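Undergrad: One structure, pasted below without further comment.
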Amino acid sequence: MEQKWPQQIWLVRHGQSAGNVARDAAEAAAGLHIDIAERDVDVPLSALGADQARALASWFAAMPEHERPTVVLHSPYLRAAETARIIMQQLGPDSLMAVHVDERLREKEFGILDRLTVLGIEHQYPELYEQRQHVGKFYFRPPGGESWCDVILRLRSIIDTITREFCKERVLIVGHQVTVNCFRYLFERLDEAAILAFDRAADVPNCSVTSYSFHPHEGKHGKLGLQLTNFVAPLEAAGTPVTVQKDVPAAPKA
């Protein structure tokens, strides 16, 4: 049977954003609200986030030409789009066969809980807080927002697009923490307990790389194999401190 998967897939979380910084400040002060003026889609990279993106861009550019990405897909959210743009500048636009902005790669939508810390949710919406604790984040859907299952549903259609249009290519996907975790759920055929265990163990670092390569002799018709998980060496090599932070505005560990 003909190969349907890309030869390589890289999952990248955007660089540190101004919202990540605001969240840290709110949580350090035991605040209820995250002080960020922009809507979630318009939150830009911080200065550190831009440095992280440049470090990762250099890591990709240092690869042999035949191993570099040929396709870039990214979330329309500004912090992800800026990260992708910095990487593409290093790779050179002529080296890419396709670049697409795809709204299905957007961050999980938090609805009524947008811009609230966990403490803020507990104080402002105690019934929702209790429901979230009982149901768990995988299935909990805040009013006007999404559950992890909702995100997974839209990512399933992204995989259909990737296998239809970019088989045998090398695909770079720039998104958000929840999208990285939900792609892992799909690519590695995980269950609720497994993916939430990964989420509890550690955040997805800004500008980290999780990657998969195609193994033609595994499974019945070949399959993707996990290669790197939350790889942050390019940031360390560039002298940039590794920060493990969340996307915002939204509730932590969404």
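Undergrad: Cα atoms only: what Rg and Dmax, in Å, come out for the stretch 43-97?
TA: Using the Cα atoms of the stretch 43-97, the pair Rg, Dmax is 11.2, 34 Å.
Undergrad: For Rg/Rh (Cα atoms, Kirkwood Rh), which listed value, [x] 0.99; [y] 0.97; [z] 0.93, comes from the coordinates shown?
TA: Label [y] holds the value from this structure.
Undergrad: Send over the Kirkwood Rh of the stretch 1-150, from the inverse of the averaged 1/r over different Cα pairs, rounded to one decimal Å.
TA: Taking the inverse mean of 1/r over all distinct Cα pairs, the stretch 1-150 comes out at 17.5 Å.
Undergrad: For a distance above 24 Å, tell me the whole-number percent of Cα pairs in the stretch 75-169 that qualify.
TA: Result: 41 percent of Cα pairs exceed 24 Å.
Undergrad: Starting from the 7 Å offset along Cα-to-Cβ, what nm value, one decimal, do you get for the label separation of residue 98 and residue 66?
TA: Result for the modelled spin labels: 2.3 nm.
Undergrad: Summarise the accessible area of the chain (1.4 Å probe, protein heavy atoms) by the percent that is carbon and sulfur.
TA: For the chain, the apolar C and S fraction of the accessible surface comes to 52 percent.
Undergrad: Cβ under 11 Å from residue 8's Cβ, residue 8 left aside: what net charge do those residues give with Lys, Arg +1 and Asp, Glu -1?
TA: The answer is +1.
Undergrad: Hey, another quick one. If you average the alpha carbon positions of the stretch 137-151 and of the stretch 42-93, how far apart do those two centres end up, in angstrom?
TA: So the separation of the two Cα centres works out to 29 Å.
Undergrad: Note down the net charge around residue 150, summing +1 for each Lys or Arg and -1 for each Asp or Glu among other residues with Cβ under 10 Å from its Cβ.
TA: +1
Undergrad: Under 18 Å between alpha carbons, and skipping anything fewer than 8 positions from residue 108 in its own chain: which aspartates and glutamates qualify?
TA: Counting by Cα, and skipping residues close in sequence, residue 108 has these aspartates and glutamates nearby: 38, 40, 42, 146, 150, 192, 199, 203, 247.
Undergrad: Would you mind getting me the FRET efficiency between residue 30 and residue 198? Use the beta-carbon distance for r and R0 = 22 Å, nearest 0.05.
TA: E between residue 30 and residue 198, to the nearest 0.05, is 0.20.
Undergrad: Give, in whole angstrom and from largest to smallest, the semi-axes √(5λ) of the equivalent ellipsoid of the stretch 126-207, with λ running over the eigenvalues of the Cα gyration tensor.
TA: Output for the stretch 126-207: semi-axes of 27, 14, 11 Å.
Undergrad: Tell me, in nm to one decimal, what length is gained between residue 135 and residue 164 on full extension, where the rule is 0.36 nm per residue of separation less the Cα-Cα distance?
TA: 6.9 nm
Undergrad: So, one more: How much of the DSSP bridge set in the chain is antiparallel, in percent, rounded to the nearest 5?
TA: 50
Undergrad: Next up: Compute the label zone of residue 227 within the stretch 61-99: residues whose backbone N is under 17 Å from the point 7 Å along Cα-to-Cβ.
TA: Under cut-off, by backbone N: 61-73, 91, 96-97.
The values are calculated or read from the model by the stated rules, or taken from the named source; none is laboratory data. Model, not experiment: these values are computed from the prediction. All Cβ positions, glycine included, derive from the backbone under ideal geometry; neighbour counts span all protein chains shown. Remember, those area values only see protein heavy atoms, side chains included, never the ligands or the DNA or RNA. Shrake-Rupley method; radii C 1.70, N 1.55, O 1.52, S 1.80 Å.
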